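The values are calculated or read from the model by the stated rules, or taken from the named source; none is laboratory data. Here the structure is a predicted model, which is why all the values come from computation and not from measurement. Cβ atoms come from the backbone with ideal geometry, glycine included; neighbour counts cover every protein chain shown. What goes into the accessible areas is simple: the full protein's heavy atoms, side chains included, and nothing from ligands, DNA or RNA. Shrake-Rupley method; radii C 1.70, N 1.55, O 1.52, S 1.80 Å.
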Amino acid sequence: MELTKNHIMLRMVLKILKWIGLSITSLLLLLILVGLGFRLFRDKPVPPGKLVDIGGFKLHVHSTGEKNEKPTLVIEAGAGGHSEYYHWLSEGLKDSLRVVRYDRAGIGYSELSDGPRDPETIADELHTLLEKTGESPPYILAGHSHGGHYIRVFGQRYPNEVAGLVLLDSGHPDERERLPWPPSPSWLNSIYYIGAVLGDLGVLDLYVTIFGNTIMPAPGLPKEITDRYQDYFLNGKYLWGYIKEEEWHIALEEMSKKIMVTDSLPIRIFAGTHLNEKALRKMGRDPEKMRTNRRKMQEEMASFSKNGKVFFMDGGHFTIFIQKENADMICKEIIQFSKELKN
């Protein structure tokens, strides 16, 4: 039976689709093979601090300043945040205080842990790290954003070792209910997972090698620090670390909420007054009302302590400390805080 023109066209289309499919598959396989080659033969990034084995995996810690009779400042980063964000705080305090910055498991230069990422485990890992590096209490714990929740948990587990708390634009444990933000789009988690897998396969490493570092640098930090950002994304470790932490996000806030009610530690709070007004209006929110409510909540967190103060700063969630002039103001207050605690 003679083939009709439609049959001939169908066969041609199927052949073209098959060829396209094979070409795409071959290209993907080539990218993966080249990416894995980069991962195997590229020199490992050199961290600015040191890697310390705390029992099965290593955490990156970067300490400055001499050990002295004053409390040691320990900085806990926000969700997915790395220790290099706090460069100016470390620089501004190192002549007066011992300052310890570190990266949680999987984040920054730290190795990924196979264990759970619940708040208690993270607090215990930090405690082990401090012991392994020869640090000794008392500590002033400084927490940025979600780091503010983590340091409350640490303070509850090791109350005799903590002299005071410093919150750097930290969220109130009730913020989810009292300042409700729209939930993150469902596709965002899928993007993180895809990125983590591509990192494991070396594709992200290949991309950075070809196109350079496309991560937006934090304005205000020295270039030698922002140039190191690509080190974190040469494999999927960083994204896996963030994904694992986010699984405990709500549990962390709930635990912090219970602890805050009974927490009487001396506290200093530094909160930014800048908000993304354009984004808020787009969501139908009143920026002034959001700013006023957030201010009340920051003041409320300080009121739970007999020795609590709030400083409202001309900056945003990160710029209150990555801009040197803001960091200098925070450092001045922390130095004064440490003197008061010592007395």
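Here are a few things to note about the model shown:
- Subset of segment 86-98 (residues that are touching a Gly at 6+ places or on another chain (Cβ under 7 Å) and either within 22 Å of L252 (Cα to Cα) or in a helix (DSSP H, G or I) (or both)): L93
- Residue in segment 73-85 that is over 30 Å from I250 (Cβ atoms), in contact with a Lys or Arg (Cβ under 8 Å, 6 or more places away or on another chain) and modelled with pLDDT of 90 or more present: no
- Output for segment 295-313, where each listed residue is open to solvent by 60 Å² or more (accessible area, probe 1.4 Å) and either assigned to a loop (DSSP other than H, G, I, E, B) or touching an Asp or Glu at 6+ places or on another chain (Cβ under 7 Å) (or both): F304, K306
- The one condition in (1) among the basic types (K, R); (2) surrounded by fewer than 16 Cβ atoms within 10 Å (Cβ to Cβ); (3) at pLDDT 95 or above that R268 fails to fulfil: (2)
- Only one entry of R117, R101 meets the criterion of being charged (D, E, K, R), part of a loop (DSSP other than H, G, I, E, B) and surrounded by 17 or more Cβ atoms within 10 Å (Cβ to Cβ), and that entry is R117.
- Considering L341, L252, the condition of being out of contact with any helix residue (DSSP H, G or I) (no Cβ under 8 Å at 6 or more places or on another chain), within 19 Å of A142 (Cα to Cα), part of a helix (DSSP H, G or I) and hydrophobic (A, V, I, L, M, F, W, C) is satisfied by L341 alone.
- The set of residues in segment 153-170 that are touching a residue at least 60 places away in the same chain (Cβ under 8 Å) and outside any strand (DSSP E or B) comprises V153, F154, G155, Q156, D169, S170.
Let's see how each residue does on (1) at pLDDT below 85; (2) in a helix (DSSP H, G or I); (3) touching a Leu at 6+ places or on another chain (Cβ under 8 Å); (4) hydrophobic (A, V, I, L, M, F, W, C):
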{"position": "G143", "(1), (2), (3), (4)": "no, no, yes, no"}
{"position": "Y150", "(1), (2), (3), (4)": "no, yes, yes, no"}
{"position": "E177", "(1), (2), (3), (4)": "yes, yes, no, no"}
{"position": "P180", "(1), (2), (3), (4)": "yes, no, no, no"}
{"position": "L198", "(1), (2), (3), (4)": "yes, yes, yes, yes"}
{"position": "N213", "(1), (2), (3), (4)": "yes, no, no, no"}
